[in-house]
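Trainee: Sharing a structure with you now.
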Amino acid sequence: MSLTSQIDHKPMSRYQVAAIIVCTIINMMDGFDVLVVAFTAPSLAAEWKLSATAIGALLSAGLVGMILGSLALGPLADRYGRRPLVLACLVLISLGMLASAVTQTVSQLMWMRVITGLGIGGMLPSLNTIVAEFSSLRRRSFAISFLQAGYPVGATLGGIIAAVLIAELGWRSVYALAGLASSLLIFVAWRRLPESLDYLVTRQPPGALDRINRLLRNMGRPQVAAMPPRPTAHAGEKAGYAALLAAPGLMTTAALLCVAFFMVMLSFYFVLSWTPKILVDTGMSISQGISGGVLLNIGGIVGSILLGYVSVRLDIKKLIAVYMLITAALMALFANVTTFNTGLMALTLALGFFIFGSIVGLYALAPHLFPARCRSSGLSIAIGIGRLGGVSSPLLAGYLLDHSWVQQNIFTVFAAPLLLSAMVVLGLTSRRRQPRS
């Protein structure tokens, strides 16, 4: 049995679980970092007299950086390793967030959001890949869902903290805190984040044997006296984007996954980015608007974890499609909300539950679609192109709001892409039962 097959089929060690927890903690910080503009948007609009279009541009700036990071930095993990890329991206995130706290103009803040997004976008495919590669086959979907649940946890805690900090110290304090927290994670990742065994076996960089034995020792597995042979099916073959281009079937899979991510992110980032501001625009207070964002993320925590649990027992593609269809229906209901009451709270929790479940399901499915030699690259291009939907979403919503579109019509516009995404997901071919390469 190969080393990677042992991970696939044997019970997970405490070391593997710890690696997944470290990745999840990092993803929690990403949830805070990505949505920090959504939480501070009402205060920014008031202080700098910003239009809805300008707010939309600020919300999109970080997503533009995430696209560039996913496409330009993410594939480097297949060549240089997952761990060094995550560390480099954490440095970028920390610098971008700390600098955001001292910006004086909208354009300055937009550039800092691009830098922050560059780090987040470059890092997310590697986190997803590390979790997939350290998980057993039986627990992989749950482990990836657990990782993605870190995002709404971080956003929920961030929203609660942001509401207090903005009231006491102003919006700049939220960016400063996020930057300091990201800086601490550099040390955590340096000490505790492992390199993936898949990468070491497939690429065999200098010192790979010692690093493999260290990983095996930490996982309580027998060490090896010599380097395992590279996977024979792929010895001498290209890695990264080149491997995708060399296999038409993989390119078709990547293209379909891009469409699915684009459509669901179009809806996802509209709901997460604009809900607090739209609630305030309907006459609610800033704290109630932020509370709406927090409730979305609380629902997302439950939805993400539950999807991971049931995906072990059910067909994940059908499950994702059902989540997307229910999300579209809930958005149509949410369009008619005008009062912050118990009904709105329940609806917001439900919307968060299903929309997070939809996107977490895609993240859980995606690693099963690509072999190890191009896994980070496949995820990078799908997530990167998908984030074009995330970039378009805040800009389009801001434009529609500035041109007097009513809340009901805007929510309907952003519910429609989920229907197409559901159909695309059902057409994807999973490799989850094939042995890892």
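The values are calculated or read from the model by the stated rules, or taken from the named source; none is laboratory data. Here the structure is a predicted model, which means the values were calculated and not measured. Every residue, glycine among them, receives a Cβ derived from its backbone with ideal geometry; neighbour counts consider all protein chains shown.
Trainee: Among the residues of the stretch 5-54, how many are of a type in the set (Gly, Ala, Ser), within 30 Å of residue 176 (Cβ to Cβ), part of a helix (DSSP H, G or I) and touching a residue at least 60 places away in the same chain (Cβ under 8 Å)?
Mentor: Residues flagged as of a type in the set (Gly, Ala, Ser), within 30 Å of residue 176 (Cβ to Cβ), part of a helix (DSSP H, G or I) and touching a residue at least 60 places away in the same chain (Cβ under 8 Å) within the stretch 5-54 amount to 9.
Trainee: Let me ask something else about it. Which of the helices (runs of 4 or more DSSP H) contained wholly in the stretch 145-222 include at least 2 residues that are small (Gly, Ala, Ser)?
Mentor: 172-192
Trainee: Quick one: which residue in 93, 166, 130 is closer than 23 Å to residue 291 by Cα, touching a Ser or Thr at 6+ places or on another chain (Cβ under 6 Å) and in contact (Cβ under 8 Å) with a residue 40 or more places away in the chain?
Mentor: 166
Trainee: From the list 355, 410, which residue is of a type outside the set (Asp, Glu), modelled with pLDDT of 75 or more and closer than 24 Å to residue 425 by Cβ?
Mentor: Unique residue meeting the criteria: 355.
A quick yes/no check of all residues on (1) closer than 19 Å to residue 269 by Cα; (2) surrounded by 23 or more Cβ atoms within 10 Å (Cβ to Cβ):
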residue: 58; (1), (2): yes, yes
residue: 61; (1), (2): yes, yes
residue: 70; (1), (2): yes, yes
residue: 81; (1), (2): no, no
residue: 131; (1), (2): no, yes
residue: 136; (1), (2): no, no
residue: 139; (1), (2): no, no
residue: 148; (1), (2): yes, yes
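Trainee: Which of the residues belonging to the stretch 249-293 are aromatic (Phe, Trp, Tyr) and within 17 Å of residue 45 (Cβ to Cβ)?
Mentor: Matches in the stretch 249-293: 274 only.
Trainee: Could you check the stretch 100-118 and list, in sequence order, the residues that are of a type in the set (A, V, I, L, M), over 19 Å from the mean Cα position of the chain (by Cα) and in a helix (DSSP H, G or I)?
Mentor: Across the stretch 100-118, the qualifying residues are 106, 109, 110, 112.
Trainee: For residue 66, which of the numbered conditions (1) closer than 30 Å to residue 281 by Cβ; (2) outside any helix (DSSP H, G or I) fails to hold?
Mentor: Failing condition for residue 66: (2).
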